[in-house]
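S.K.: Submitted below is the structure of interest, expressed as structure tokens.
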Amino acid sequence: MNNVQGKKVLVRVDFNVPLNSQHEITDDTRIRKALPTIKHLLEEGAAVILMSHLGRPQKKKNEDGSINVNKFTLAHIVPHLSELLGVRVLFSKDTIGESAFDKALKLNTGEVLLLENTRFEVGETKGDDEMAAKLAKLADVYVNDAFGTAHRKHASTYTVAKYFEPEDRFLGLLIQDEIASANKVMNSPKRPFTSILGGAKVSDKIQLIEKLLDFTDNLLIGGGMSYTFIKAQNGKIGNSLVEEEHLDLARELIRKAEERNVELYLPEDSVCADNFSADAASKIMPSNAIEDGWMGLDIGPKAIEKYAKVIKSSQTILWNGPVGVFEFEKFAAGTMSMAKAISDSSAYSLVGGGDSVSAINKSGLQDQVSFISTGGGAMLKYLEGTVLPGIEAVGK
Ligand code: AMP
């Protein structure tokens, strides 16, 4: 990202942050993570044009079919971004229209312009050429720093890159850090290397599990996906989440783990609920002997103790997905204990996946983790070994 002095730089950032009903930002992690690139470009003498999506405005239109601008406008981001940057941020009320062109044209070195939500344009998610070409006209240089959407072939994350010469397109500092962190874990982990996988379904994580079996020493499984594995070994799981169609696959993964000398751990006990709600009655049961009418919603105390011990003895840790329904206080202890064990450890730790990141933020221990990924789906894909289109298009 050198030689940008006096140039206009179009930066795809990921400002897809959660907002409350008053449109206030409830978690600004993604904005903060984008700051180093923006600051670097300003210091190098560039004029910075930022673009991002926010939510899914095309899927959540008003009743009359119009875009709900009030809900999805990036104008909500401007005051906080200005404050964090210490620079006034100009805003264009369109993405590729007259306002964007006018404001981009007049933008001076050291100034920042934020374009309206890229997904207000139907062409964005289609990777539309016309939209990408119009975006490219706004600037001399393109930087992709939106790791969270790097797995998508969208106009602003992918198509736009080809309208810039190879020497005029770059990956931002955040994407570079994300890749370095994932590579560190996958290519040269200090051992023992422990992976903790949670979340609702096995089906979402099959490829990652397959891939990890080649690298990891320990695989700690938690969350809803545990019960498919437990049922596959003839356990009684009551009403716990299960993917019947993946029982064979679960057996196959257990077999592969053995073959490759990976220690695969399933939770010995579970905190079970009599229904799926925050105020359900709860009881601890062995995970393979859950009574009828009950469902496992968190890993139990014995599992926590065992998992924490494995984490403590590890040198590299990868965590993706909560080990319980941590959104409900009663079933959050397992996930919070994993966050605590990881933060107490001096191992290199990478936490990725939207929900594990919210969990670690909720625990307040986020500063004690080596790297928190901003990309849920993108990190999963990268770890699985997929070439991310947003990275490939920049060609660095
Ligand atoms: P994922 O997006 O696949 O990482 O899944 C995250 C979601 O899995 C969270 O919203 C959790 O509440 C949910 N989850 C975790 N453990 C369980 C469980 N035992 N039963 C049902 N849902 C779970």
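S.K.: With just the Cα atoms defining each centre, how far is region 34-51 from region 326-372? Give it in Å.
M.R.: If you average the Cα positions of each part, the centres end up 31 Å apart.
S.K.: Another question, then. Using alpha carbon coordinates only, what is the Rg to Rh ratio of region 8-171, with Rh defined as the Kirkwood radius?
M.R.: 0.93
S.K.: Could I ask something else about it? Which value in deg cm²/dmol, rounded to the nearest 500, describes the helix-derived mean residue ellipticity at 222 nm for the chain, given -39,500 (n - 2.57) per DSSP H run of n ≥ 4 and division by the residue count?
M.R.: Working: 15 runs with 138 residues, N = 396.
Value at 222 nm, helices only, nearest 500: -10000 deg cm²/dmol.
S.K.: Now for a different question. If packing is taken as the average count of other Cβ atoms within 10 Å, what order do 193-202, 34-43, 102-111 fall into, highest mean first?
M.R.: Numbers: 193-202: 23.7, 34-43: 19.6, 102-111: 14.7.
Ranked from most to least packed, the peptides come out as 193-202, 34-43, 102-111.
S.K.: Then there is this: To the nearest 20 debye, what is the magnitude of the charge dipole of region 181-384 about its Cα centre, counting +1 on the Cβ of each Lys and Arg and -1 on the Cβ of each Asp and Glu? If you can, show how the numbers build up before the last one.
M.R.: Details: 21 positive and 26 negative charges, 138 e Å.
The dipole of region 181-384 has a size of about 660 debye.
S.K.: Would you work out what percent of the accessible area of region 8-171, with all protein chains in place, is carbon or sulfur (probe 1.4 Å)? Please list the in-between numbers first.
M.R.: On the way: 3350 of 7180 Å².
The computed percentage sits at 47.
S.K.: What does the accessible area per residue of the chain come to in Å², with a 1.4 Å probe and no ligands, DNA or RNA counted?
M.R.: Details: 17000 Å² over 396 residues.
Averaged over the residues of the chain, the accessible area is 43 Å².
S.K.: Would you mind checking which residues have amide H under 5 Å from TRP294's amide H? H placed 1.01 Å from N; only 5 or more apart, or other chain.
M.R.: ASN239
S.K.: Once both labels are modelled 7 Å past Cα along the beta-carbon direction, what's the GLN22-ALA281 spacing in nm?
M.R.: Result for the modelled spin labels: 4.0 nm.
S.K.: At q = 0.09 Å⁻¹, what log₁₀ I(q)/I(0) does a Debye calculation on the Cα points of the chain give, no solvent, two decimals?
M.R.: -0.58
S.K.: Could I ask something else about it? Taking the Cβ-Cβ separation of ASP367 and GLU258 as r and a Förster radius of 30 Å, what is the calculated FRET efficiency to the nearest 0.05? Walk me through the numbers on the way to the answer.
M.R.: Numbers: r = 38 Å, r/R0 = 1.26.
It comes to 0.20.
S.K.: Of the listed peptides 312-324, 363-375, what is their order by residue-averaged count of other C-beta atoms within 10 Å, with the highest listed first? Please list the in-between numbers first.
M.R.: Values: 312-324: 25.4, 363-375: 18.8.
Packing order, densest peptide first, comes out as 312-324, 363-375.
S.K.: How big is region 181-384 in terms of Cα radius of gyration and Dmax, in angstroms?
M.R.: Taking only Cα atoms of region 181-384, I get Rg and Dmax of 15.5, 45 Å.
S.K.: A follow-up question, please. Using a 1.4 Å probe and counting only protein heavy atoms, arrange ASP145, ASP248 so the residue with the most accessible area comes first.
M.R.: Values: ASP145 0, ASP248 110 Å².
Descending order: ASP248, ASP145.
S.K.: Report the relative contact order of region 8-171, percent, no decimals, based on alpha-carbon pairs under 8 angstrom and at least 6 residues apart. Please report the intermediate quantities before stating the final value.
M.R.: Details: 311 pairs, mean separation 45.1, N = 164.
Reported as a whole number, the value is 27 percent.
S.K.: How much of the DSSP bridge set in the chain is antiparallel, in percent, rounded to the nearest 5? Mind showing how you got there, number by number?
M.R.: Working: 10 of 49 bridges.
Just about 20 percent of them are antiparallel.
S.K.: Just the number, please: carbon plus sulfur as a percent of the accessible area of region 181-384, 1.4 Å probe, no ligands or DNA/RNA counted. Please report the intermediate quantities before stating the final value.
M.R.: Details: 3980 of 8440 Å².
In region 181-384, the share of accessible area belonging to carbon and sulfur is 47 percent.
S.K.: About the Cα centre of the chain, what is the dipole size in debye to 20, counting +1 per Lys and Arg Cβ and -1 per Asp and Glu Cβ, all else neutral? Present the calculation step by step, with values, prior to reporting the outcome.
M.R.: Values: 46 positive and 53 negative charges, 103 e Å.
Dipole size: approximately 500 debye.
The values are calculated or read from the model by the stated rules, or taken from the named source; none is laboratory data. Values in this document were obtained by computation on a predicted structure and should not be read as measured data. All Cβ positions, glycine included, derive from the backbone under ideal geometry; neighbour counts span all protein chains shown. What goes into the accessible areas is simple: the full protein's heavy atoms, side chains included, and nothing from ligands, DNA or RNA. Shrake-Rupley method; radii C 1.70, N 1.55, O 1.52, S 1.80 Å.
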